[in-house]
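Just below is one structure, and these are the notes that go with it.
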Amino acid sequence: MALDTIPRPQSTGKNGGDMSAYKYCRSRDGFVHLDVIVDGKRFRRSTGRPDTPANLKYVDKNWQSEVDRILKKGQAEVIEEGEITVEKYGYKSLHANRIDRKDTTNTDYRQGFEKHIIPIFGNIPISKVKQSDLKAWQTYLKEEKKLSGKRIHAISTVFQGIMRDAVNDELITKSPFYGMKGVSRAAMKEITPFTFDEVRYILSNAEGWFKNWLAVAFFTGMRTGEINALSWEDISIHSGKIIVRKTMTRGVMSTTKTGTIREIDMLPPVLEALKEQFKITGLKGESVFYSRWTQEAFTNTSTLGRYHFKPLLKRLLLGDRNIYQTRHTFATMMISKGEDITWVSKMLGHSNPAITLSVYTKYREDQSVKRASFLDQVDVFKSADKSRECHVSVTQSDSDKLLKIS
């Protein structure tokens, strides 16, 4: 397929922006149109995508897949009467399933849908979304929007759920996500834990309540929202236990991620930190950690990261890492030191140890360590029952070895 660019005068799209910045598309009647030379002929067709900066950039970068998609149908992508668009059906699907999800999850799903799915697919009939479109879209989210693998996976999960409902409602016969390779687990997790020496360095330079917060984070493995939701009634200094029963996400107090309540051990650094924290907030309210401005529990972990954690790392020249790495640090630190995986999994709040291993297996203690060393002290060929003792002799011949038992 041969292509030449079409020179065009500077203009602006419906939603603003210099259209001369785009080589292969332009805005027309509120939609993005391709404008290229294909096999010596000018190809001008509507993509069916609304005229937004995101769509213009997407089409300009992925013009070939757009041309292929339109040519495969033999006509420009248009919305025929009665066809349901991704935007219209997507809202219907999200609304129908809201009762099965936490409020915070519903908010995340809606924001991901509106910010990353509608701008690209909103005006396209749900029956005309192809797997090649989805692959190009995920590449766009990674390379152009600079989203993490974990975030791309989360947004794709929203879209998959919508397509699954479309199959059940017989709008399509098969989801375009079927058989599509997902984002790798390694790319999703993006684990960059701190070393034990770095943890000590961080704690020795942190101050006040935030030092105590970090000690709890580094040595319990609790999710950041779970720490923010802690009440003094959840703490038992006498038994050395913490009951994790709730989480705080975007100002909403709710059950934990797995919907369960767990009891975790209070390791010595955590015990010391909570004793110090009690002097600060123990007699002032229910929350263990709270904002000095609102006198209420922190509503958003990103605030802690932006105004406390990242400035501390910058001052200590430890690079740029998100505050959730405190949880990963606990897991990798304990697993690398040979702690029981079942205990680590319970502390983290995973539903089973298999999940813990799947995420952190590469951090297990040195695999070159000699295993089953107890066998060095035991002659397994000698029966422990003296009355049934066997005597073994070995003779060597030119062709083989004969084992004679008498």
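The values are calculated or read from the model by the stated rules, or taken from the named source; none is laboratory data. As the structure is a prediction and not an experimental result, all values here were calculated from the model. Reconstructed Cβ throughout: ideal geometry from the backbone, glycine too, with neighbour counts over all protein chains shown.
Reported count of residues in region 211-258, each being in a loop (DSSP other than H, G, I, E, B) and either among the acidic types (Asp, Glu) or within 25 Å of Ile335 (Cα to Cα) (or both), is 9. Which is more than 18 Å from Ala166 (Cβ to Cβ) and not hydrophobic (A, V, I, L, M, F, W, C), of Gln138, Gln131? Step by step, each of Gln138, Gln131 is checked, and only Gln138 is more than 18 Å from Ala166 (Cβ to Cβ) and not hydrophobic (A, V, I, L, M, F, W, C). In region 285-312, of all residues being part of a helix (DSSP H, G or I) and crowded, with 20+ Cβ neighbours inside 10 Å, the one that is modelled with the lowest pLDDT corresponds to Thr301. Against the conditions (1) surrounded by fewer than 21 Cβ atoms within 10 Å (Cβ to Cβ); (2) within 21 Å of the chain's Cα centre (by Cα), Leu348 satisfies every one except (1).
Looking at region 193-209, which of the residues that are aromatic (Phe, Trp, Tyr) and more than 15 Å from Lys337 (Cα to Cα) is surrounded by the most Cβ atoms within 10 Å (Cβ to Cβ)? Please lay out each step first, then the result.
Restricting attention to region 193-209, the residues satisfying the condition of being aromatic (Phe, Trp, Tyr) are 194, 196, 201, 209.
Now drop any that are not more than 15 Å from Lys337 (Cα to Cα), which leaves 201, 209.
Details: Tyr201: 14, Trp209: 20.
Restricting to residues being aromatic (Phe, Trp, Tyr) and more than 15 Å from Lys337 (Cα to Cα), the top hit is Trp209.
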